[in-house]
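S.K.: I have a structure here, written as structure tokens, and I will follow up with some questions on it.
The values are calculated or read from the model by the stated rules, or taken from the named source; none is laboratory data. The structure displayed is predicted, hence computed values, not measured ones. All Cβ positions, even for glycine, are placed from backbone atoms using ideal geometry, and neighbour counts span all protein chains on display. The protein model used for the area step is the full one, side chains on, heavy atoms only, and it has no ligands, DNA or RNA in it. Shrake-Rupley method; radii C 1.70, N 1.55, O 1.52, S 1.80 Å.
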Amino acid sequence: MAANSPGGTAPDEATDPWAPWIATIVAGVRRAAAPLGWDLSEAQTEGLLELGGPAEADVALPVHRGAASAGLAPPELAARLAAAFPLGGPVREVTASGAYVNVRLDPAELVQRTLALALARGAEYGHAVPDGSAVCVEHTSANPTGPFHIGRVRNAIVGDTLVRALRAAGSRVTTQYYVDDLGRQATMLTWLWTTPRESWPEPVRQAVEGHEVPGEKPDHRLGRPYPAFSAYLKEHRETAEKVAELVRRIESGAAPPEHGQIAREVLDGMLASLGRLGVSFDEFVWESQFLHDGSVERVLERLHRAPHAVREENGAWAIDAADYGLPKESTRIVVQRADGTSLYVTRDVAYHLAKFARFARAIDVLGQDHRLHAKTLEALLTELGERRRPEFVIYQDVTVPDGGRMSTRGGSAVTLDGLLDEAVVRARREVVARREDLAGPEIDAIAEAVAAGAVRFQVVRVAPEKPVAFRWEDALSFEGRSGPFVQYAYARASSVLRKGEADRPPYPFAAERLTHPDELGVVRAVAALPRTVRAAARTGHVQGLAGYAHELADRFNRFYHAVPVLKAERERASRIALVAAARQALGNALDLLGVPRLETM
RNA sequence: GGGCGCGUAGCCUAGCUUGGAUAGGGCACCGGGUUCCUAACCCGGCGGUCGAGGGUUCAAAUCCCUCCGCGCCCGCCA
């Protein structure tokens with residue numbers, strides 16, 4: 001339920017304000033339960049604890065599971081357990097309520113530890129101690145055929161947020177973008193732009209002529225003929241064959257010099273769009289490299305000798321994958337064409353072997369249309385005797401209301417640039433309406449940050465496996481559970497600290513001054529950041545980070561309305577420290593989400 | 001046809017991996033709040049057979065089975 005388990009690996013006292021409490025309560029529960037006939041391991045005890053549950057308890061423990069071994073009805077067991085629970089230290093009160101044992105803790109202790117930790121660790125607050133584990137996250141990897149499309153933006157945002165969560169949880173993450181410079185898609189553009197415009201098919205020429213925009217980004221300019229050309233090729237075999245011939249030339253290593261150049265230019269344009277969302281990559285892996293460095297050939301040699309290898313009559317090589325749980329019609333995985341050339345999945349095997357050589361974990365963020373491909377890849381790895389597996393994070397495609405699929409092949413649907421431009425226009429209106437004091441450039445900067453924040457938050461707040469229908473009003477939401485809502489709380493906290501400039505870091509405070517329920521609400525939310533990060537990294541459920549950020553902002557807003565800070569007297573310094581800690585947690589949560597921080601808005 | 005994913009109030013969504021106390025939020029709607037640190041905010045109200053049915057269990061949104069609806073995939077494409 002609302003139960004918020006301590007989450008994943010055991011909390012660390014150096015990073016998590018809850019850690020000492022968890023340890024104390026686990027020990028207390030075990031000590032009280034054992035004489036009643038309920039033996040619990042430490043891990044079991046920790047797994048049962050519910051944090052942040054109902055208001056009457058800081059930590060709750062359901063005892064149903066112990067009823068049988070204790071030979072007692074749950075309420076009776078709860079009552080005895082509560083009576084036997086060792087008091088003292090942080091444990092203020094232990095009561096039974098039905099089948100639950102509720103533990104109340106000394107709030108001043110949590111205030112003390114939480115503020116101290118948040119203020120001392122700063123930008124590192126919420127992060128675990130680095131464990132140095134090498135992780136590769138491959139995401140986005142959209143083919144360089146035109147402007148970045150919003151159907152794909154989910155991959156980039158989910159992937160990038162996951163990367164941020166993993167890094168915060170202590171992993172050493174390398175992000176990779178796999179660029180398909182082989183194959184038909186990229187080749188189509190090369191064919192077009194190395195062919196005189198007069199020789200283009202008429203409908204393709206029409207799609208371009210009169211639509212050029214001076215100074216436009218290369219992805220828009222070079223990608224413009226792509227949808228029309230794609231449609232044209234379906235109807236015109238001769239032209240399709242010319243492109244196919246170029247594909248073969250490129251695969252054989254005789255790519256025209258323009259080929260890589262065009263792909264790179266388009267990719268640069270796409271990356272510029274992603275850059276507006278704060279998404280970037282450490283490495284770009286070009287598919288052709290596995291062909292040229294001989295690794296595809298080595299994979300093929302091994303596959304020829306694989307347990308289920310079969311040679312087709314026409315000379316193609318396949319793996320009989322009947323035992324791998326694939327759909328009946330695709331039990332044969334072709335790994336090499338009759339003409340000797342390789343296939344996408346073969347090259348992907350080479351790619352993943354390269355990943356395994358460098359990384360302990362390889363995570364791939366894929367659209368659900370790649371599910372079968374993922375299974376196929378796993379089957380081939382098994383055939384090679386490779387035990388390691390990539391981990392897949394699968395997201396569902398974004399659809400448009402009319403039911404059409406928003407893929408790059410689908411044509412001229414909304415681009416990421418178009419979405420962001422519209423978001424900026426609307427954000428700008430909001431800023432102008434409330435900030436007469438600001439000059440143009442400041443307004444523009446805020447509008448861009450609000451727009452990017454709104455889009456990122458909107459995408460990440462929904463579980464990736466859920467289908468999403470694109471709607472402008474959702475994507476551009478600035479209220480309620482949104483990016484700007486969190487940005488606003490951060491800006492407010494920043495504003496308070498600016499105006500309370502007499503009080504400066506390290507923000508001395510007295511924990512016992514912070515006793516208002518809304519103050520404690522903020523503290524509890526701040527204290528939950530470390531375990532939220534752990535949970536997100538462990539499960540890959542990045543939507544939890546969005547939920548957390550909203551919750552924290554919500555608590556802060558409530559506190560802000562209920563309790564004066566700068567006008568307080570005795571409590572002033574402590575409340576300023578609380579605001580500083582909340583601002584730190586809000587800022588760190590925004591960083592995890594890739595939503596820009598705004599000092600003012 | 002087969003495989004996989006999704007189905008929670010008018011709309012969107014958390015929770016499901018690890019079953020536990022009245023299923024959390026947001027939008028919309030209704031009613032309040034600005035001599036006070038930013039009203040992109042806050043307070044209150046309205047709204048739920050957790051797709052349907054069966055099963056397991058002391059306990060099911062959560063696990064199992066069947067069915068229904070929607071989506072995706074089932075290429076010597078990528």
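S.K.: I'd like the distance between the alpha-carbon centres of the stretch A:102-177 and the stretch A:560-601, rounded to an integer number of Å.
M.R.: Centre-to-centre (Cα) distance: 21 Å.
S.K.: Same structure again: Over chain A, how many pairs of lysines fall under 18 Å by alpha carbon, counting only those 8 or more apart in sequence or from different chains?
M.R.: Number of lysine pairs found: 4.
S.K.: Then there is this: Just in the stretch A:356-400: which trypsin sites (Lys or Arg not before Pro) are loop by DSSP and have at most 14 other Cβ atoms within 10 Å?
M.R.: Sites meeting the loop and neighbour criteria: A:ARG387, A:ARG388.
S.K.: Are there GluC sites (Glu not before Pro) in the stretch A:30-123 that DSSP puts in a loop and that have at most 13 other Cβ atoms within 10 Å, and which ones?
M.R.: For GluC sites (Glu not before Pro) across the stretch A:30-123 that sit outside H, G, I, E and B with at most 13 neighbouring Cβ atoms in 10 Å, the list reads A:GLU56.
S.K.: Using +1 at the Cβ of each Lys and Arg and -1 at the Cβ of each Asp and Glu in the stretch A:268-314, identify which of A:ASN314, A:LEU303, A:PHE290 lies farthest towards the dipole's positive end.
M.R.: Positive-most Cα among the choices belongs to A:LEU303.
S.K.: Over what distance in Å are the Cα centres of the stretch A:249-324 and the stretch A:186-239 separated?
M.R.: Here the two parts' Cα centres lie 24 Å apart.
S.K.: Can you pull out the trypsin sites (Lys or Arg not before Pro) in the stretch A:240-342 that DSSP calls coil and that have at most 12 other Cβ atoms within 10 Å?
M.R.: When the trypsin sites (Lys or Arg not before Pro) of the stretch A:240-342 are filtered for loop state and at most 12 Cβ neighbours within 10 Å, A:ARG305 remain.
S.K.: Using every pair of alpha-carbon atoms in chain A, split the distances into 10 Å bins beginning at 0 and state the percent of pairs per bin, rounded to integers.
M.R.: 3, 14, 21, 22, 17, 12, 7, 3, 0
S.K.: Can you work out the Karplus-derived ³J(HN,Hα) for every residue in the stretch A:416-422? Use 6.51 cos²θ - 1.76 cosθ + 1.60 with θ = phi - 60°, whole Hz, and x for glycine or proline.
M.R.: Each residue's phi maps through the Karplus curve to give 4, 4, x, 4, 5, 4, 5 Hz.
S.K.: Given a 1.4 Å probe and the protein chains all in place, what does the accessible area of A:THR399 round to, in Å² to the nearest 10?
M.R.: Around 50 Å² of this residue is reachable by solvent.
S.K.: Separate question: With all protein chains present and a 1.4 Å probe, how do A:SER295, A:SER252 order by accessible area, largest first?
M.R.: Putting A:SER295, A:SER252 in descending order of accessible area: A:SER252, A:SER295.
S.K.: For A:ASP181, what residues show an amide H to amide H distance below 5 Å, using hydrogens built from the backbone and excluding near sequence neighbours?
M.R.: Close amide H contacts, sequence-distant or interchain: A:GLU287, A:SER288.
S.K.: Percent antiparallel among DSSP beta bridges with both residues in chain A, to the nearest 5?
M.R.: Percentage antiparallel, nearest 5: 55.
S.K.: I want the local charge near A:GLY315. Using Cβ-Cβ distances under 11 Å, sum +1 for each Lys or Arg and -1 for each Asp or Glu among the other residues.
M.R.: Combined, the nearby Lys, Arg, Asp and Glu give -1.
S.K.: Apply the a/c threshold of 1.5 to the C-alpha gyration tensor of the stretch A:217-319 and tell me whether it is rounded, prolate or oblate.
M.R.: oblate
S.K.: For chain A, what does -39500 (n - 2.57) per DSSP helix run (n ≥ 4), summed and divided by total residues, give at 222 nm, in deg cm²/dmol to the nearest 500?
M.R.: -16500 deg cm²/dmol
S.K.: If you don't mind, another one. Let me check I've understood the local charge: for A:ALA447, count other residues with C-beta under 13 angstrom from its C-beta, Lys and Arg +1, Asp and Glu -1. What total comes out?
M.R.: My count for the surroundings of A:ALA447 gives 0.
S.K.: Would you kindly find the accessible area of A:VAL432, with a 1.4 Å probe and non-protein molecules such as ligands, DNA and RNA excluded, rounding to the nearest 10 Å²?
M.R.: About 70 Å², ignoring ligands and nucleic acids.
S.K.: Of A:HIS550, A:HIS516, A:HIS211, A:HIS561, which has the most accessible area and how do the rest follow, probe 1.4 Å?
M.R.: Ranking A:HIS550, A:HIS516, A:HIS211, A:HIS561 by accessible area, largest first, yields A:HIS561, A:HIS211, A:HIS516, A:HIS550.
S.K.: How much of the pair distance distribution for the stretch A:19-105 lies past 23 Å, counting alpha-carbon pairs only, in percent?
M.R.: Looking at the stretch A:19-105, the distances longer than 23 Å represent 9 percent of pairs.
S.K.: Name the long-range amide H neighbours of A:VAL393: under 5 Å, sequence gap of 5 or more, or other chain; modelled H, no Pro or chain starts.
M.R.: Answer set, sorted by chain and number: A:ASP364, A:VAL365, A:LEU366.
S.K.: Still on this model: Quote the accessible area belonging to A:ARG205 in square angstrom, nearest 10, computed with a 1.4 Å probe and with ligands, DNA and RNA left uncounted.
M.R.: Answer for A:ARG205: close to 60 Å² accessible.
S.K.: Probe radius 1.4 Å, ligands and nucleic acids left out: which of A:GLU386, A:GLU519 has the largest accessible area, and how do the rest follow?
M.R.: The residues order as A:GLU386, A:GLU519, largest area first.
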